[in-house]
Amino acid sequence: MTQTILNASIIAKEGVRVLDNELVMARKVFRGYEEEFAKNVNGYKVGNTVTIRKPTDFTVREGAVMNVQEVIEGSTSITVDKQRGVDFEFTSEELTMDIDKLSERVIKPAMVQLANRIDSDLHDLYKYVPNWVGTPGQTIIAFSDFAKAPERMDEMSVPTEDRCSMLSPADNWGLLGSQTALYTDSIVKPAYRDGQMGMIGGIDNYSTQNVKRHTNGAFGGTVLVDQTLTTATTTYTSVKDTMTQTLHIDGLTGATAQLKKGDVFTIADVYDVNPVTKEAKDYLKMFVVVEDPSAAVSNEVDLTIWPALIWSGAFQNVSVTSGVTDLNDQAVTFMGTASTAYPQNLFFHKNAFALVTVPMVRPPGAVDVSRQTYKGLSVRVIPVYNGVNDVSAWRFDVLYGTKAIDGRLALRLSGTA
């Protein structure tokens, strides 16, 4: 019987297959942008960027008079700036093993670690999600807690297909406990015997230890908007690519006050709107700080927030209480307690976030380089032989980028007090 010597191609194929199988959140986000990067046959380096268009929007006219609207398309970019890898060593004897045995002993444990890192980077995108329902600090322990997520997604006109959640272990088991009290056998058995929750309320649910904890900034005090902020302050055309805006606030307690990227807040009298009909909702619009601000000077600071406030037109996203024409001195209220950490359970439609993995460059001088792609996931394997000790060091690399494409399609969920 002919003996098969495992080479870079065989190991790369097995590695990318196992890696794909171990991913969780990465399998639920949008992956279509990888086609844009696939055009470079020589591979990509850290820092390469692709620009993509954002969808436009329109208003509906009334009556027979034609009202031509300008087509305004924003754009955003994804940078493949994350190179992650796992390196391991094989003896020549091990390279004569069956690939299944080698995969179980070495490749799978390595890919578990790499998959967790990719998923962890995706979970970090919570910092671009402004919507947060429930009471920070409370565990999800009932269907009524859980239902606040799909309810808000419905109110935000998030498409009903391709919705999923990533729950922390504590919230997952808290919710599972509530399901075992039901009388529906098909729900109770998976929850009680196998710890499986499956689809609930149109949400495909997953439990993962990669759920992040966000520590709020130090935002004590009576915080107010400290700038003229009217319907004319920001137009969609001026922010169409980033949808960010600078907001100046004051009233923070002391010079040590410091907000953080990922902090969520509301502004008094500023309500959310139905993204289709533009009708005002009965809850306040939520905003998120998307950059760590510079150190507070005395009791005030500039914040870079998402989304920008668009008061009217096809891209309107806020409704301001009648009679309020300037948001200067309106109260700013942050979610949760200052300097306190909370789990960031994520509910999202797949188009909220994107992951792009690309083929890496073949380094000049490297021998036996293998690049393999499986279901859009691309890996590179390079062996380096040590002739003195008769062992081969293998480097397994992935290059990828993550992006919050549309924060409107996602939200954070806590339990209810």
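Looking at 209, 227, which is the one that is in a loop (DSSP other than H, G, I, E, B), more than 23 Å from residue 152 (Cβ to Cβ) and modelled with pLDDT of 95 or more? Give the steps one after another, and end with the answer.
Working: 209 fails: modelled with pLDDT of 95 or more.
Going through 209, 227 in turn, just one is in a loop (DSSP other than H, G, I, E, B), more than 23 Å from residue 152 (Cβ to Cβ) and modelled with pLDDT of 95 or more: 227.
Report whether or not residue 388 is more than 30 Å from residue 133 (Cα to Cα) and part of a strand (DSSP E or B).
Numbers: more than 30 Å from residue 133 (Cα to Cα): yes; part of a strand (DSSP E or B): no.
So residue 388 fails the test.
Cβ separations smaller than 7 Å between residues 6+ apart or across chains give the following pairs from region 5-34 residues that are closer than 11 Å to residue 118 by Cβ to residues that are among the acidic types (Asp, Glu): 23/119; 24/119; 25/119; 26/119. Within region 263-283, the set of residues being within 24 Å of residue 238 (Cα to Cα), hydrophobic (A, V, I, L, M, F, W, C) and either part of a strand (DSSP E or B) or at pLDDT 95 or above (or both) comprises 264, 265, 267, 270, 273, 280. Applying the condition of being of a type in the set (S, T, N, Q) and modelled with pLDDT under 75 to region 79-103 and asking which residue is surrounded by the most Cβ atoms within 10 Å (Cβ to Cβ) yields 103. Scanning region 245-277 for residues that are among the basic types (Lys, Arg) and crowded, with 19+ Cβ neighbours inside 10 Å yields no hits at all. Checked against (1) buried (at least 19 other Cβ atoms within 10 Å of the Cβ); (2) at negative phi; (3) touching a Phe, Trp or Tyr at 6+ places or on another chain (Cβ under 8 Å), residue 361 passes all but a single condition, namely (1).
One line per residue, one yes/no per condition, for (1) outside the structural domain of residue 407 (by TED's automatic domain parsing); (2) in a strand (DSSP E or B); (3) under 30 Å from residue 170 (Cα atoms):
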residue	(1), (2), (3)
310	yes, no, no
319	yes, yes, no
323	yes, no, no
327	yes, no, no
347	no, yes, yes
351	no, no, yes
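The lone criterion from (1) buried (at least 18 other Cβ atoms within 10 Å of the Cβ); (2) assigned to a strand (DSSP E or B); (3) within 26 Å of the chain's Cα centre (by Cα) left unmet by residue 301 is number (3). The residue that is surrounded by the fewest Cβ atoms within 10 Å (Cβ to Cβ), among those in region 104-143 that are touching a residue at least 60 places away in the same chain (Cβ under 8 Å) and of a type in the set (Asp, Glu), is 124. Annotation note: Cβ proximity below 7 Å between a residue of region 144-165 that is on the phi < 0 side of the Ramachandran plot and a residue that is buried (at least 23 other Cβ atoms within 10 Å of the Cβ) and in a helix (DSSP H, G or I) (sequence gap 6+ or interchain) occurs for 146/175; 158/409; 163/153; 165/149.
For the structure I just gave you, tell me whether residue 337 is under 27 Å from the mean Cα position of the chain (by Cα) and either among the β-branched types (Val, Ile, Thr) or not in a strand (DSSP E or B) (or both). Don't jump to the end; show me each part of the working.
Details: under 27 Å from the mean Cα position of the chain (by Cα): yes; either among the β-branched types (Val, Ile, Thr) or not in a strand (DSSP E or B) (or both): yes.
The answer is yes for residue 337.
Contact annotation: residue pairs with Cβ atoms under 8 Å, 6 or more positions apart or on different chains, pairing a residue in region 60-88 that is more than 16 Å from residue 315 (Cα to Cα) with a partner that is modelled with pLDDT under 80 and in a loop (DSSP other than H, G, I, E, B), are 67/61; 76/54; 78/33.
With a requirement of 1 or more residues that are touching a Leu at 6+ places or on another chain (Cβ under 7 Å), farther than 26 Å from residue 397 by Cβ and not β-branched (Val, Ile, Thr), the helices (runs of 4 or more DSSP H) lying completely within region 82-168 that satisfy it span 143-146, 148-155. Would you mention how many residues in region 230-257 are in contact (Cβ under 8 Å) with a residue 60 or more places away in the chain, touching a strand residue (DSSP E or B) at 6+ places or on another chain (Cβ under 7 Å) and part of a loop (DSSP other than H, G, I, E, B)? Of the residues in that region, 4 qualify. Screening residue 76 on (1) modelled with pLDDT of 80 or more; (2) under 23 Å from residue 358 (Cβ atoms) shows it passes everything except condition (1).
The values are calculated or read from the model by the stated rules, or taken from the named source; none is laboratory data. The model shown is predicted, which means the values in this text are computed figures rather than measured ones. Cβ coordinates were reconstructed from backbone atoms using ideal geometry, including for glycine residues, and neighbour counts include every protein chain displayed.
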